[in-house]
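Notes to accompany the following structure.
The values are calculated or read from the model by the stated rules, or taken from the named source; none is laboratory data. Remember, it's a predicted structure, so these values are computed and weren't measured experimentally. Neighbour counts run over all protein chains shown; Cβ positions are idealised from the backbone, glycine included.
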Amino acid sequence: MRWLLFVALAGCAALVLAACGGVITIGPTAPGDGIIIYMHANYVGTSQQLAVDVSNLADVEGPCLKGDDQSATARWDDCVSSVRVMSGWQATLYRDRDFKGPSVTIKADTPDLTRVPGPCSGSFNDCISSIRVSRQ
């Protein structure tokens, strides 16, 4: 079954997910809510604001292609290098989809995930496949 839900409001960010071949937009995310993930360290590059749990970042359209398939859609899976945490929020970053595998909870801005000990070459840099976002 394919379905499409699109919600957009001026000035707000939205999360785009793919499911069953379709695209789901979950949002909008109000400014100041949740977290912002970035492609590169020090909050550089493509970013996405999240205020909801994401069980599989491979379903979220993003900046990174895996492998040599240039026809594939870029995703956020294993593509996060820094995270801004809005006041009163926290995020738990998981190595594997469906909130499994090694994890770390962050409650403050994290400019460089290479400095956060984890399972991928010793850090969580480019090593996140699911995220839980919640208020502290």
Test for residue 69: is it of a type outside the set (A, V, I, L, M) and touching a residue at least 40 places away in the same chain (Cβ under 8 Å): no
Contacts under 8 angstrom Cβ, first residue in the stretch 110-131 being over 15 Å from residue 97 (Cα atoms) and without any contact (Cβ under 8 Å) to a residue 24 or more places away in the chain, partner surrounded by 14 or more Cβ atoms within 10 Å (Cβ to Cβ) and among the small types (Gly, Ala, Ser), 6 or more apart: 115/123; 116/123; 117/123
Qualifying position, being at pLDDT 70 or above, β-branched (Val, Ile, Thr) and in a loop (DSSP other than H, G, I, E, B), among 92, 114, 73, 105: 73
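Can you report the number of residues in the stretch 42-63 which are in a loop (DSSP other than H, G, I, E, B) and either under 18 Å from residue 96 (Cβ atoms) or in contact with a Lys or Arg (Cβ under 8 Å, 6 or more places away or on another chain) (or both)? Show your work before the answer.
Applying the first criterion (in a loop (DSSP other than H, G, I, E, B)) to the stretch 42-63 yields 51-53, 55-56.
Of the ones still in play, those that are also either under 18 Å from residue 96 (Cβ atoms) or in contact with a Lys or Arg (Cβ under 8 Å, 6 or more places away or on another chain) (or both) are 53, 55-56.
Residues that pass the stated criteria total 3.
Of the residues 60, 54, only one is buried (at least 19 other Cβ atoms within 10 Å of the Cβ) and at pLDDT below 95; which? Even if it seems obvious, please write down each step before you answer.
Numbers: 54 fails: at pLDDT below 95.
Of the residues listed, the single one that is buried (at least 19 other Cβ atoms within 10 Å of the Cβ) and at pLDDT below 95 is 60.
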